[in-house]
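The values are calculated or read from the model by the stated rules, or taken from the named source; none is laboratory data. Computed from a prediction, not measured in an experiment: that's the story for all the values here. Positions of Cβ are generated from backbone atoms using ideal geometry, with glycine treated the same way; all protein chains shown enter the neighbour counts.
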Amino acid sequence: MTARPSAAIEITARLLALALAVAPIAEAAVVEIVSADAAGEGLNDPTPRNPIGGNSGTTLGEQRRIVLENAAAVWGGLLDSSIPIVVQVRFDPLFCEDGSATLGSAGAESVFRDFDGAPRARTWYVGALADSLAGVDLDPGQPDISVQMNSSLDLGCLGQTEWYYGLDGAANRFEIDFWNVVLHELAHGLGFLTLVDPTSGRRLMNVDDAFQVLLEDHSRGASWTELSNAQRSASSIDSGDLHFTGARVVGESGALTSGVGGSGHVEMYAPDPVEPGSSVSHFSTSLSPDELMEPFLVADAEMTTAIAALADLGWRLRLETTPTSVPSPTATHTAPATPTPPRTATPTATGPTASPRDFCVGDCDGDQVVSISELVKAVGIALGDPAERCPASDADDDGRTAISDLVIAVDGALHGCP
């Protein structure tokens with residue numbers, strides 16, 4: 001498998017979002033960043049900073065906000081929703097000592113069930129997703145997602161390691177890329193988490209949640225909806241046997257060289273003992289290539305499987321529009337946050353070498369260059385536009401252009417054709 005540079009996730013996300021933005025497709029979601037910080041701190045910190053890595057901010061607070069807004073725009077560009085998503089952000093001193101720290105946490109401010117448009121009865125959906133499915137703000141005037149980031153990293157709590165606020169993915173070995181962490185945390189707020197307590201196995205108010213219904217205990221051959229509290233608790237520490245079974249994730253799992261179980265189900269993070277805030281609500285660290293939604297920060301992560309998981313949860317992607325419906329809302333304001341501790345070392349994963357292609361994916365005109373216009377054409381084909389023709393957009397020759405094909409095309413645009 002081709003190794004990606006450390007900037008891959010940042011640039012791939014941007015180019016894919018750009019291709020989506022200029023293609024005539026479904027409405028992009030508006031993701032609004034709102035500060036919960038007091039004057040002089042967090043997003044309002046007036047400490048002077050020099051612009052860095054494409055970030056034009058001249059204060060610490062401004063640079064933080066610019067990264068947050070850019071990451072929010074990437075998720076907004078991928079999701080189809082007419083209801084604005086409000087993200088409340090605050091910076092606070094979180095756990096941090098030399099060699100280990102909690103980088104950030106995120107969760108849904110509210111969850112809903114049995115609303116008009118709910119795909120499944122008696123099932124919790126995070127607020128942002130519930131709003132999108134219902135076509136109305138179910139909790140007006142309130143934020144949908146709450147994000148907390150660790151301000152201590154800018155104060156030297158990890159020795160020489162600190163936040164990097166550039167937008168170019170050029171963090172060095174003494175810097176933690178704020179952009180990567182924000183993309184990860186926003187995905188949690190959009191629904192990549194379970195409301196089940198992994199220690200006890202108890203469901204929130206004894207009701208299933210949208211993430212939980214897509215989990216299975218492979219050793220038992222049973223969905224988490226079929227397990228008792230005690231069985232879910234045991235499954236939460238059954239590493240290798242806790243799987244995500246969503247159809248879209250399974251469809252993208254062929255790109256993984258490890259971390260995939262039977263039927264293409266993807267392994268989830270299930271360490272023993274339970275790690276509150278990390279267990280279950282992340283992909284396993286066994287995945288290769290590394291994925292955005294693993295529990296530890298990795299510089300060269302992919303985000304294809306994370307996008308597919310959000311689609312499985314019920315989000316309409318801008319690559320398709322598939323409305324759903326059902327019953328009237330009940331809200332609760334108790335949803336867990338999901339912390340992201342850093343990784344002290346990033347091993348290089350190796351897998352089988354793929355057979356070389358005799359064409360450049362996305363190079364519609366055969367000139368060995370993938371242009372933005374060709375990326376837009378590939379998006380049109382993925383949408384089913386009969387006017388678009390480009391056999392080179394189908395990387396695996398399966399007769400369709402999927403998100404994974406688009407990501408490969410973006411990689412060709414970034415790094416050139418092989």
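With the requirement that a residue be of a type outside the set (Val, Ile, Thr) and assigned to a loop (DSSP other than H, G, I, E, B), what does segment 182-205 give you?
Leu190, Gly191, Phe192, Leu193, Leu195, Asp197, Pro198, Ser200, Gly201, Arg202, Arg203
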Pro143 fails exactly one of (1) part of a helix (DSSP H, G or I); (2) farther than 17 Å from Pro295 by Cβ, namely (1)
Next on the checklist: Condition first: within 18 Å of His282 (Cβ to Cβ), among the aliphatic types (A, V, I, L, M) and in contact with a Ser or Thr (Cβ under 9 Å, 6 or more places away or on another chain). Can you find one or more residues in segment 151-172 that meet it?
Outcome noted: no
* Within segment 178-196, identify whether any single residue is over 21 Å from the mean Cα position of the chain (by Cα) and either among the acidic types (Asp, Glu) or crowded, with 23+ Cβ neighbours inside 10 Å (or both), and answer yes or no. => no
Going through (1) under 25 Å from Ala234 (Cα atoms); (2) among the small types (Gly, Ala, Ser); (3) part of a loop (DSSP other than H, G, I, E, B); (4) in contact with a strand residue (DSSP E or B) (Cβ under 8 Å, 6 or more places away or on another chain) one by one, Ala309 fails only at (3)
The correct count of residues that are in contact with a strand residue (DSSP E or B) (Cβ under 6 Å, 6 or more places away or on another chain) and closer than 19 Å to Gly277 by Cβ in segment 228-245 is 3
Could you go through segment 176-189 and let me know if any residue there is of a type outside the set (Gly, Ala, Ser), more than 22 Å from Gly259 (Cα to Cα) and free of Cβ contacts under 8 Å to residues at least 40 places away in the same chain. no
Selection over segment 246-274 where residues are touching a strand residue (DSSP E or B) at 6+ places or on another chain (Cβ under 9 Å) and surrounded by fewer than 17 Cβ atoms within 10 Å (Cβ to Cβ) yields a count of 5
Tell me, yes or no, whether segment 90-108 has at least one residue that is at pLDDT 95 or above, among the polar types (S, T, N, Q) and crowded, with 20+ Cβ neighbours inside 10 Å. no
Flagged in segment 10-65 as in contact with a strand residue (DSSP E or B) (Cβ under 8 Å, 6 or more places away or on another chain), among the small types (Gly, Ala, Ser) and at pLDDT below 95, in numbering order, are Ala21, Ala26, Ala28, Ala29, Gly53
Contact list, first residue from segment 280-309 and under 23 Å from Asp217 (Cα atoms), second anywhere and among the hydroxyl-bearing types (Ser, Thr, Tyr) and in a strand (DSSP E or B), beta-carbon distance below 6 Å, six or more apart or interchain, is Ser286/Ser258; Ser288/Ser258
All conditions in (1) buried (at least 21 other Cβ atoms within 10 Å of the Cβ); (2) at pLDDT 95 or above; (3) more than 29 Å from Leu155 (Cα to Cα); (4) among the aliphatic types (A, V, I, L, M) are true of Leu68 except (3)
Within segment 154-181, of all residues that are polar (S, T, N, Q) and not in a helix (DSSP H, G or I), the one modelled with the lowest pLDDT is Gln160
Might you let me know whether segment 150-161 holds any residue that is surrounded by fewer than 23 Cβ atoms within 10 Å (Cβ to Cβ) and among the charged types (D, E, K, R)? yes
Residue hits (segment 247-275; over 19 Å from the mean Cα position of the chain (by Cα) and under 20 Å from Gln231 (Cβ atoms)) are Gly261, Gly262, Pro271, Asp272, Pro273, Val274, Glu275
Per the list (1) at pLDDT 95 or above; (2) closer than 30 Å to Tyr164 by Cβ; (3) out of contact with any strand residue (DSSP E or B) (no Cβ under 7 Å at 6 or more places or on another chain); (4) surrounded by 18 or more Cβ atoms within 10 Å (Cβ to Cβ), residue check on Val280 breaks on (3)
Filtering strands (runs of 3 or more DSSP E) wholly in segment 52-138 for at least 1 residues that are out of contact with any Leu (no Cβ under 8 Å at 6 or more places or on another chain) gives 85-92, 111-113, 123-126
